[in-house]
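K.L.:
Pasting a structure below so you can have a look.
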Amino acid sequence: MIMIRRATTGLLSRSTVIGAYHRHFSSTEVPAADELFMMAWKRIMPNLDPPKTPLAFMRPRPSSIASKLTVNLVSPYSEMSNKEVDMVIVPATTGQMGILPGHTASISELKPGVLSIHDGNDVKKYFVSSGFAFIHSNSVADIMAAEAVPIEQVDPASVQKQFTEFTQKLSSASTDLEKAEAQIRVDVLVALNSALSG
Amino acid sequence: MAMASLRREGRRFATPLISPQPINPLRSSISPAEDQAFLGVRSISTQIVRNRMRSVRNIQKITKAMKMVAASKLRAIQTRAENSRGLWQPFTALLGDTPSVDVKKNVIVTISSDKGLCGGINSTSVKISRALHKLNSGPDKESKYVVLGEKAKAQLLRDSKKDIELCLTELQKNPLNYTQVSVIADDVLKNVEYDALRIVFNKFQSVVSFLPTTATVLSPEVVEREAESGGKLGELDSYEIEGGETKSEVLQNLTEFQFSCVMFNAVLENACSEQGARMSAMDSSSRNAGDMLDRLTLTYNRTRQASITTELIEIISGASALEG
């Protein structure tokens, strides 16, 4: 049984390496690092199959559609992939940033706040607790958040309670670390509050 | 006349069959083992075979139960692993994955399980880590290990003790979540100097197939260096950086976030692979135990029948000796 498994992984590795040559990420280049790695590996360990790399498992990236924006919202617990929408507003550290199709390529850091996805008249709001947003030049936006919850699932009463609790803690914090932690919590709660009201 | 000669013939045949011991009416009280000992050991005693059968049956029950437990744990964790698969894709799309990158300080993060009886996945991870270590050691390059999980720690301590920087065990005491993994990632990033982090884990493809995989995360300085030298990351400069004061600050946050995301996915996939491997190991073990039980049953029946036949022969020959 182990032999069969070894044989199939051998076949898989060969076929996916060939497949990897046809996969493109944001540019149109062919991944050649794989090749260098494979060659170096074969030199050193000819009897062991080389390990796979994430390039072998990449899903095909959407090609550019100029009229609509393709959005991927991912978080550790859920993903919403390749949705085509009109506009996305992300809470970047420099303020609310709107992303339309054809936006210039950019990498932006996000702060806790509301992320809204506009598709025609349909608006979906998520509370995002921080992360990054990549906007590629082919109208594809990747938003990676540490936590992304739909606004409907946020409970106003507990937000209020925690807000009062942590503003009090912030004022009574002694060490720098405690102050920083309390400040971060207060920031998130302020954003949550404004998200719920606005 | 003929009858007398037949009787004589019978006696001649009968004598070798008569046991050297006189027929004992208390024979049944002697245990079969002692019985056989008196006759010389002709076959395995039924008692011994019965003991073996009992222990093999118990083992089969235990391994079947372990397989069920592993199957239920796998179901629980598989959905979470699949949901986390989208997390590292944007990073690889932007920064690429270059396992052949040439850096001075490599850190190999090996992810393994704490418990055993899960087939060969931990050994595969350790083999790959050792090979990566070999690939990345040279005159001005060095590699260090960060080990997650007891099994890899035991294997790597044997011959690479001085290269192990950090050991983390008991990851699965509480259900895996992103907060825990980000704390671990923070620990690693703070305490270990690195230019490239290579995470080695087993990717869960299906219940019977686990692919050893290595994901490479570069430090912000190396990312800048690669971006300047062109190639895959050359496009990075075309991206406007929003937020943060300087580009390097944002890049640092980016690489740290990338590391924690990739780690989260890797830890979940490895946990799935562990449960899947344990399922198949326990399954083949129960099947083996079943086969062994069949063989032992046959032996037991043969032994039992042989001893019954021996008794019958003794009784009959004894009876015929008395008559004739």
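What follows is calculated from the coordinates using simple rules that are stated; it is not laboratory data. Since we're looking at a predicted model, the values are computed, not measured. Please note: Cβ atoms are built from the backbone with ideal geometry, for glycine as well, and neighbour counts cover all protein chains shown.
K.L.:
To the nearest 20 debye, what is the magnitude of the charge dipole of the range B:35-164 about its Cα centre, counting +1 on the Cβ of each Lys and Arg and -1 on the Cβ of each Asp and Glu?
P.N.:
700
K.L.:
What is the extension gain from B:SER238 to B:ARG54, computed as 0.36 nm multiplied by their sequence separation minus the C-alpha to C-alpha distance, in nm to one decimal?
P.N.:
The B:SER238-B:ARG54 span can extend by a further 59.1 nm.
K.L.:
For the pair A:MET80 and A:ILE184, what calculated FRET efficiency results from E = 1/(1 + (r/R0)^6), where r is the Cβ-Cβ distance and R0 = 30 Å, to the nearest 0.05?
P.N.:
0.70
K.L.:
Give me D for the range A:40-194 in µm² s⁻¹, whole number, from Stokes-Einstein with Rh from the Kirkwood sum over alpha-carbon pairs, 20 °C and 1.002 mPa s. Walk me through the numbers on the way to the answer.
P.N.:
Details: Rh = 17.9 Å.
Taking Rh from Cα pairs, D becomes 120 µm²/s.
K.L.:
Could I ask something else about it? What are the residues whose amide H is under 5 Å from the amide H of B:VAL208, where those residues sit 5 or more places off or on another chain and H is modelled from the backbone?
P.N.:
Counting only residues 5 or more places away or on other chains, the set is empty.
K.L.:
Considering just Cα atoms, how many Å³ per residue does the convex hull of the range A:118-198 enclose?
P.N.:
Hull volume over Cα atoms, normalised by residue count, gives 110 Å³.
K.L.:
What does the net charge come to around B:ILE164 if you take all other residues with beta carbon closer than 10 Å to its beta carbon, with K and R at +1 and D and E at -1?
P.N.:
Taking every other residue near B:ILE164 into account, the sum is +2.
K.L.:
Got a sec? How would B:TRP88, A:TRP41 order by Cβ neighbour count within 10 Å, fewest to most?
P.N.:
On the way: B:TRP88 24, A:TRP41 21.
Lowest count first: A:TRP41, B:TRP88.
K.L.:
Okay, next question. Within the set of other residues whose C-beta is less than 12 Å from the C-beta of B:GLN60, count the net charge using Lys and Arg as +1 and Asp and Glu as -1.
P.N.:
Summing Lys/Arg as +1 and Asp/Glu as -1 gives +3.
K.L.:
Something else about it: Pop a pseudo-label 7 angstrom from the Cα along the beta-carbon direction at both A:SER67 and B:ALA154 and give the gap in nm to one decimal.
P.N.:
6.2
K.L.:
So, R0 is 22 Å and r is the distance between the beta-carbons of B:ALA65 and B:LEU293; what FRET efficiency does that work out to, to 0.05?
P.N.:
Details: r = 16 Å, r/R0 = 0.75.
Working from the Cβ atoms, E equals 0.85.
K.L.:
While we're on this one: Please report, to two decimal places, log10 I(q)/I(0) for the range B:204-324 at q = 0.13, 0.17 Å⁻¹ as given by the Debye formula with identical point scatterers on the Cα atoms and no solvent.
P.N.:
Ignoring solvent entirely, the Cα scatterers give -0.79, -0.97.
K.L.:
Taking the alpha-carbon distance from A:LYS42 and a cut-off under 13 Å, which aspartates and glutamates remain once sequence neighbours fewer than 8 residues away in the same chain are dropped?
P.N.:
In chain and number order, the partners are A:ASP34.
K.L.:
Given H placed 1.01 Å from N in the peptide plane, which residues other than close sequence neighbours of B:LYS144 have an amide H under 5 Å from its amide H?
P.N.:
B:ASN106, B:VAL107, B:ILE108
K.L.:
By counting other Cβ atoms within 10 Å of each Cβ, how are B:CYS118, B:CYS261 ranked from fewest to most?
P.N.:
By the 10 Å Cβ count, ascending, the order reads B:CYS118, B:CYS261.
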